[in-house]
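Read through the structure below, which is laid out as structure tokens, and then see the notes.
The values are calculated or read from the model by the stated rules, or taken from the named source; none is laboratory data. In this text the structure is predicted, and so the values were computed from the model without any measurement. Here the Cβ positions follow ideal geometry from the backbone for every residue, glycine too, while neighbour counts run over all protein chains shown. Accessible surface is based on the protein model in full, side chains and every heavy atom, while ligands, DNA and RNA are left aside. Shrake-Rupley method; radii C 1.70, N 1.55, O 1.52, S 1.80 Å.
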Amino acid sequence: MAKLKLYEYPHPILKKKAEPVEKVDDELRKLLDDMLETMYASNGCGLAAPQIGVSKRIVVIDIAREDEEPNPLYLVNPEIIWRSEETEISEEGCLSVPGQRAEVERPASVKIRYLDYHGKQQEMLVEDFLAVATQHELDHLDGILYIDRISRLKRQMLLKKLEKFRKEHQE
């Protein structure tokens, strides 16, 4: 496994709609494993392929806490097939927008369809924090960042803080 380069806002690949995957094979599984290692090394709970410069519809998620066993979820060509009318507001961050967080409103639960690590079609109802993480990562596949889901004023303030964060961490 290998740790991959993370692409940060405003890299253009993050705004591009990702392409569907043709088949799940050993090459794709290696990419999934490398994405998972990259996510863990960066202390993330989700990572979409565009964030590592690959415009494919691939996501890895693991919301297990440090004191819990890893429980990775591999989503290939994921799609949301149902959304609850009930919404929740959660604070979100993103490996592609380092050091920043904002409150985002999303459906409280969603049902997803995807291919798993072995290429088998699955459906799953996701709720709570897993619903937030899943929707956040699936947004990446459509070129949407969580900062696109907040008000323009909040986004401008967040981007100024991001600029300051980057200057402080360059030295």
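Remarks
- Just one of the listed residues (Glu86, Glu68, Glu123) is open to solvent by 20 Å² or more (accessible area, probe 1.4 Å), under 21 Å from Glu37 (Cα atoms), free of Cβ contacts under 8 Å to residues at least 60 places away in the same chain and more than 17 Å from the chain's Cα centre (by Cα), and it is Glu68.
- Qualifying positions in region 104-120 - more than 30 Å from Lys164 (Cα to Cα), of a type in the set (D, E, K, R) and open to solvent by less than 60 Å² (accessible area, probe 1.4 Å): Asp116
- Restricting region 129-159 to residues that are assigned to a loop (DSSP other than H, G, I, E, B) and of a type in the set (Val, Ile, Thr), the residue that is surrounded by the fewest Cβ atoms within 10 Å (Cβ to Cβ): Ile144
- Tally of residues being open to solvent by 100 Å² or more (accessible area, probe 1.4 Å) and under 20 Å from the mean Cα position of the chain (by Cα) across region 160-171: 0
- Residue that is charged (D, E, K, R), within 22 Å of Leu4 (Cα to Cα) and either within 17 Å of the chain's Cα centre (by Cα) or surrounded by 11 or more Cβ atoms within 10 Å (Cβ to Cβ) (or both), where the choices are Arg57, Arg101: Arg57
- Residue pairs whose Cβ atoms lie under 6 Å apart, separated by 6 or more positions or on different chains, with the first residue in region 93-116 and in contact (Cβ under 8 Å) with a residue 24 or more places away in the chain and closer than 11 Å to Tyr146 by Cα and the second among the acidic types (Asp, Glu) and surrounded by fewer than 20 Cβ atoms within 10 Å (Cβ to Cβ), are Ser96/Glu8; Glu103/Glu91.
- Taking first residues from region 129-151 that are at positive phi and partners that are assigned to a loop (DSSP other than H, G, I, E, B), the Cβ contacts under 9 Å between residues at least 6 apart in sequence or on separate chains come to Gly143/Lys16; Gly143/Lys17; Gly143/Ala18.
- Asn43 in a strand (DSSP E or B) and either charged (D, E, K, R) or within 15 Å of the chain's Cα centre (by Cα) (or both): no
- Subset of region 4-34 (residues that are surrounded by 14 or more Cβ atoms within 10 Å (Cβ to Cβ) and either part of a helix (DSSP H, G or I) or on the phi > 0 side of the Ramachandran plot (or both)): Ile13, Leu14, Lys15, Leu28, Arg29, Leu31, Leu32, Asp33, Asp34
- Lys154 meets the conditions (1) within 21 Å of Gly44 (Cα to Cα); (2) touching a helix residue (DSSP H, G or I) at 6+ places or on another chain (Cβ under 9 Å); (3) touching a residue at least 40 places away in the same chain (Cβ under 8 Å); (4) charged (D, E, K, R) in every case but one. The failed one is (1).
- Test: Glu37 is within 29 Å of Leu153 (Cβ to Cβ), among the charged types (D, E, K, R) and surrounded by 14 or more Cβ atoms within 10 Å (Cβ to Cβ): no
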